[in-house]
Amino acid sequence: MERKKVIIMGAAGRDFHNFNVYFRDNEEYEVVAFTATQIPFIENRRYPPELAGKLYPEGIPIYDESQLPELIKKHNVDFVVFAYSDVSHEYVMHRASIAHAAGASFMLLGPKHTMLKSTKPVISICAVRTGCGKSQTTRKIAKELKDRGYRVVVIRHPMPYGDLVKQKVQRFATFEDLDKHNCTIEEREEYEPHLRNGIVVYAGVDYEAILREAEKEADVIIWDGGNNDFPFFKPDLHVVVVDPHRAGHELRYHPGETNLRMADVIVINKEETASLEGIEVVRRNIREVNPNAVVIDAASPFFVENPEKIRGKKVLAIEDGPTLTHGEMSYGAGVLTARKYGASELVDPRPYAVGTIKETMEKYPQIKNYLPAVGYSEQQIKDLEDTINATPCDLVVSATPIDLNRVVKVNKEIISVRYELEEIGTPKLKDILDDFERKYLK
């Protein structure tokens, strides 16, 4: 039987996972290529033979997504598999139309064919968009379980932007492990806060292998989702975070709507800064598509060291990168903090941006009077450093979850903003975990 030819569209995460669990040893299909987008510097490499399996002794090439139509025709492709996240439903169908116009069928793999089953209880924390507040929700749940005496291991959605063979299975227990694995700023943003709380984190490329290693040292596994993707593991409790600042997006983005419909618990976050209208739109949409979910109201207040230093100063606000780029937010905690504590000016860094930082800001025109903390390569981290140093300001207010001084050397004082999840009223996550503990951990 002739194997059906496949291209997997991705962004160095879900695409590799779908290949590993569905296509790698499947003799009905031949994956002729991956395409890459969203993340810079991840195209023009190969998915290595060490990870690709016996059917792919030379590995699989990875091309820029712009080459999709010519690749379909060149290889006479049967199926294009869409495998990345946080894009509008309209965007997905545009890609389907490109595939169809070139002659291929279009495929989306769902939970049944991509979720792995763990031998340990699993809690997944996901979202309907990037930047909803998954991280602080995950931290709160992980800390609560750790305080109850359980061995908690967090497994993070993949961010393998470097050497894929070396990144097959990664374990992070100390800050030194971040340097050992040459982590990008995006990776550090997700791992550092867990490490500060004494939580071990796993990530990488091969999530079957990662899961089996994590199970050896865990009483409970927490899936820490990325973008708005649904979990790689079958959850026993699925918690989904929504953002009333982007009311309506919970029904308009892929696969965030999938998460909303699957959720056991839905956290409406950022209520302290959102409009009442936005909150009500989200509530109405939850009632419409998932009326049986438990709804938790929550805020993500900011915590700032020495906030008095901000008053009257010209401030460069630095925000979490993905929230502003493919998350499409037009501001973040850095901007809100600077305004709250009386900054005289939010300095626009665009005239001073260099290299890849300048390119990023031109690509995302909603980014104006603040700077995204993107750093996917050594050069991009250097460009970020040079941009900060060149921007004429009195102070940097950084809302990225990492200590920026660990990765860049700047000529200005940096004040860090932290934000944690706080429930409003009842029910609380503690109540949900009481039920989970009785059912799965006792």
Residue identified as at pLDDT 90 or above and within 25 Å of the chain's Cα centre (by Cα) among 408, 396, 374: 396
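Please pick out the residue among 250, 257 that is modelled with pLDDT of 95 or more, within 14 Å of residue 129 (Cα to Cα) and touching a Lys or Arg at 6+ places or on another chain (Cβ under 8 Å).
Residue meeting the stated conditions: 250.
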Filter region 12-29 for residues that are at pLDDT 95 or above and among the hydrophobic types (A, V, I, L, M, F, W, C); which is surrounded by the fewest Cβ atoms within 10 Å (Cβ to Cβ)? 21
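Conditions tested, residue by residue: (1) in contact with a Pro (Cβ under 8 Å, 6 or more places away or on another chain); (2) hydrophobic (A, V, I, L, M, F, W, C).
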residue: 373; (1), (2): no, yes
residue: 376; (1), (2): yes, no
residue: 383; (1), (2): no, no
residue: 387; (1), (2): yes, no
residue: 394; (1), (2): no, no
residue: 398; (1), (2): no, no
residue: 407; (1), (2): no, yes
residue: 411; (1), (2): no, no
residue: 419; (1), (2): yes, no
Go through (1) touching a Ser or Thr at 6+ places or on another chain (Cβ under 8 Å); (2) among the aromatic types (Phe, Trp, Tyr); (3) over 29 Å from residue 221 (Cβ atoms) and name the single condition residue 419 misses. (3)
Those residues of region 219-259 which are under 25 Å from residue 113 (Cβ atoms) and small (Gly, Ala, Ser) amount to 225, 226, 256
Criterion (polar (S, T, N, Q) and under 17 Å from the mean Cα position of the chain (by Cα)) met by exactly one of 118, 88, 105: 88
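Just checking, how many residues over region 38-55 are outside any strand (DSSP E or B), in contact (Cβ under 8 Å) with a residue 40 or more places away in the chain and either among the polar types (S, T, N, Q) or crowded, with 19+ Cβ neighbours inside 10 Å (or both)?
Residues that pass the stated criteria total 4.
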Test: residue in region 263-274 that is surrounded by fewer than 18 Cβ atoms within 10 Å (Cβ to Cβ), under 21 Å from residue 425 (Cα atoms) and out of contact with any Pro (no Cβ under 8 Å at 6 or more places or on another chain): yes
Might you let me know whether region 157-178 holds any residue that is open to solvent by less than 40 Å² (accessible area, probe 1.4 Å), in a helix (DSSP H, G or I) and not hydrophobic (A, V, I, L, M, F, W, C)? yes
Of the conditions (1) assigned to a strand (DSSP E or B); (2) touching a Pro at 6+ places or on another chain (Cβ under 7 Å), residue 35 fails just one. Which one is it? (2)
For region 289-319, give me the residue count where each residue is within 19 Å of residue 263 (Cβ to Cβ), hydrophobic (A, V, I, L, M, F, W, C) and either in a loop (DSSP other than H, G, I, E, B) or more than 29 Å from the chain's Cα centre (by Cα) (or both). 1
Regarding region 238-256, can at least one residue be identified that is crowded, with 18+ Cβ neighbours inside 10 Å, within 17 Å of residue 432 (Cα to Cα), touching a residue at least 12 places away in the same chain (Cβ under 8 Å) and small (Gly, Ala, Ser)? no
Quickly run through region 135-151 and pick out the residues that are open to solvent by 20 Å² or more (accessible area, probe 1.4 Å) and either modelled with pLDDT of 95 or more or basic (Lys, Arg) (or both). 139, 140, 143, 144, 146, 147, 148, 149, 150, 151
Taking region 362-382, which residues are touching a helix residue (DSSP H, G or I) at 6+ places or on another chain (Cβ under 8 Å), open to solvent by 10 Å² or more (accessible area, probe 1.4 Å) and within 14 Å of residue 351 (Cα to Cα)? 368, 369
Being touching a residue at least 40 places away in the same chain (Cβ under 8 Å) and open to solvent by 10 Å² or more (accessible area, probe 1.4 Å) narrows it down to one of 394, 386, 348, 434, so name that one. 394
Answer yes or no as to whether residue 2 is of a type outside the set (Gly, Ala, Ser), assigned to a loop (DSSP other than H, G, I, E, B), open to solvent by 10 Å² or more (accessible area, probe 1.4 Å) and modelled with pLDDT under 95. yes
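Residue-wise test of (1) in contact with a His (Cβ under 6 Å, 6 or more places away or on another chain); (2) at pLDDT below 95; (3) assigned to a helix (DSSP H, G or I); (4) not β-branched (Val, Ile, Thr).
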{"site": "188", "(1), (2), (3), (4)": "no, yes, yes, yes"}
{"site": "193", "(1), (2), (3), (4)": "no, yes, yes, yes"}
{"site": "198", "(1), (2), (3), (4)": "no, no, no, yes"}
{"site": "203", "(1), (2), (3), (4)": "no, no, no, yes"}
{"site": "211", "(1), (2), (3), (4)": "no, no, yes, yes"}
{"site": "214", "(1), (2), (3), (4)": "no, no, yes, yes"}
{"site": "218", "(1), (2), (3), (4)": "no, no, no, yes"}
For region 349-363, what are the residues that are closer than 29 Å to residue 311 by Cα and either of a type outside the set (A, V, I, L, M, F, W, C) or assigned to a strand (DSSP E or B) (or both)? 349, 350, 351, 352, 358
Considering only region 71-83, state which residues are in contact (Cβ under 8 Å) with a residue 12 or more places away in the chain and open to solvent by 10 Å² or more (accessible area, probe 1.4 Å). 73, 75, 76, 78, 79
Which listed residue is in contact (Cβ under 8 Å) with a residue 60 or more places away in the chain, buried (at least 24 other Cβ atoms within 10 Å of the Cβ) and assigned to a loop (DSSP other than H, G, I, E, B), from 183, 132: 132
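The values are calculated or read from the model by the stated rules, or taken from the named source; none is laboratory data. Predicted model, so just to flag it, every value in this text is computed and none were measured. FYI the Cβ positions are ideal-geometry reconstructions off the backbone, even for glycines, and counts take in every protein chain you see. Side chains included, ligands, DNA and RNA excluded: accessible areas come from the protein's heavy atoms. Shrake-Rupley method; radii C 1.70, N 1.55, O 1.52, S 1.80 Å.
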